[in-house]
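The structure under discussion appears below in the form of structure tokens.
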Amino acid sequence: MTALAFTNARLIDPESGLDRPGTLIVEDRQILSIDGPVPQGAETVDCGSKVLAPALIDAGVFKADAAACLAGGIARVLLMPDQSPPLDDPAVVERAQRIGKPHVWVHPLAAATRGLGGTELAEIGLMKLAGAVGVATGRGWIADSGVMHRLMQYATAFDLVVVTHAEDHSLAGDAAATAGEFATRLGLPSAPAFAEALAVARDVRLAAATGARLHIRQVTTAESLDIIRRAKARGVRVTCGVTPAHMLLNDQATLGYRSFARLSPPLRGETDRLAILDALVDGTIDVIASGHDPRTQEDKRLPFADAAPGMVGAETLLALALTPVHDGRMDLPALLARLTSNPARLFGLPGGRLAPGEPADLVLFDPSGPWRVDADQMAASSDNTPFDGMPVQGRVVMTVKGGEIFRA
């Protein structure tokens, strides 16, 4: 491929702490140098003083939606095992890696149990050989502690991260909302927020006992965050993530029975939302992921309790995640670490860095660029977002995947 010289850029590499104006050179699908000599015949891209950073790594999507990812600055996704069929077989895992080609790198998470049923462990070792970068419980929680204990033992033997969904289903059941004022006023089936903390506490304890690497994909309550914070201090190998929806919305968004705000876990109270922001700042939360989950109109245009949970989020991930930066709570490199270098390091992925020899996966964006979320104009395969009409800041100009430019 033709060499590329990205000039007049604000280069940000969260891993090394680089944050300064400069020129980045790409050749043969890799980063060649920073501020090095420009190869003869290289194509020049004037970045106009905008931010050039590693392309985002979306650590937990339910569909590898290439158009939405490229529009959102994402070059790599971790694909959840909740597919049809589930990613519980080496052949299916191997095939899943090819879903996003040639536009997006797809890294499958293997199903922890056969059919995601929560009882019989899947062939974890064979699925790792087939390309799985972690093992996940999917949309659900494994209720049987014995099964979860064995899963962590096996995953540790194969050096795979265990990705869990944390909700005790004996309490959560088919709840559509968090127990509290708004669920009561709307008459929605609800569950207490501590259903999450109970699940987190058990899984953290099992991780401590087995030495497993545990990643709780979405943590949404102050109590859960306190458990994780204390566990990290004790040396337990636990990390956690959150979606922008739980950072920015509380359960008041369910008023009017807005089924696009029907999520899993459900939206929490304002105290929990503020605790999430605090945990982002202090480093308790390691990853921000979109939870990209396209749903059809038939899935969402139903009574709130009957609607399928989930929202599209790849296209809006960066703009929404930048909110703590615009509010002065975090600096930009720290925020970008949650979207790039942290997920790369946790799951052993290429990318997430601006350094010679790294893949030429980049995002060029204007952190202050204003736009309005418009569900009708989204590149995603569906439009189920609770942020429709919301003004945001942070516009992606281009996504570079393996040295190939995709302009927004």
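Any read-out appearing in this document is the output of simple, stated calculations on the displayed coordinates, not a laboratory observation. Everything numeric in this text was worked out from a predicted model, so none of it was measured. Positions of Cβ are generated from backbone atoms using ideal geometry, with glycine treated the same way; all protein chains shown enter the neighbour counts.
Things worth noting here:
- Percentage, to the nearest whole number, of Cα pairs in the stretch 50-138 over 15 Å apart: 54 percent
- Note on the stretch 282-408: Cα-Cα pairs beyond 17 Å make up 65% of the total pair count.
- Highest-fluctuation residue, Ser368, Ser33, Ser170 considered, GNM on the chain with Cα pairs under 10 Å: Ser170
- Counting all C-alpha pairs of the stretch 56-350, share separated by more than 33 Å (%): 16 percent
- Here each label is just a point 7 Å from Cα along the line to Cβ, and for Glu181 and Asp226 those points are 2.1 nm apart.
- Only DSSP H runs of four or more residues enter the estimate; each adds -39500 (n - 2.57), and after division by the residues of the chain the mean residue ellipticity at 222 nm equals -7500 deg cm²/dmol.
- Overall, the anisotropy analysis places the stretch 144-295 in the prolate class: the square-rooted eigenvalues a ≥ b ≥ c of its C-alpha gyration tensor yield a/c not less than 1.5, with a/b exceeding b/c.
- Cβ-to-Cβ counts within 10 Å put Phe387, Phe158, Phe304 in ascending order as Phe158, Phe304, Phe387, the fewest first.
- Cα lying deepest toward the dipole's positive end in the chain, options Leu206, Ala5, Leu255, charges on Cβ: Leu206
- As a proxy for reagent exposure, His165, His149 were ordered by neighbouring Cβ count within 10 angstrom, fewest first; the result is His149, His165.
- Over the stretch 56-350, relative contact order from alpha-carbon pairs under 8 Å, at least 6 apart, %: 17 percent
- When DSSP beta bridges are restricted to pairs lying wholly in the chain, around 50% turn out antiparallel.
- Among complete DSSP H helices in the chain, those whose alpha-carbon atoms stretch at least 20 Å along the helix's long axis and whose mean Kyte-Doolittle hydropathy reaches -0.5 are 194-210.
- The charge dipole of the stretch 87-221, taken about the Cα centre with unit charges on the Cβ atoms of Lys, Arg (+1) and Asp, Glu (-1), comes to about 340 debye, rounded to the nearest 20.
- Ranking Ala179, Pro244, Ala143 by Cα position along the charge dipole of the stretch 115-253, where only Lys, Arg, Asp and Glu carry charges on their C-beta atoms, puts Pro244 farthest toward the positive end.
- Point-charge dipole on Cβ atoms (K/R +1, D/E -1) for the chain, about Cα centre, debye to 20: 420 debye
- Footprinting exposure proxy for Arg372, Arg295 (fewest neighbouring C-beta atoms within 10 Å first): Arg372, Arg295
- Count Lys and Arg as plus one, Asp and Glu as minus one, and take only other residues whose Cβ is under 13 Å from that of Gln153; the net charge is then +1.
- Top of Ile227, Ile57, Ile142 by mean-square fluctuation, Gaussian network on the chain, Cα under 10 Å: Ile227
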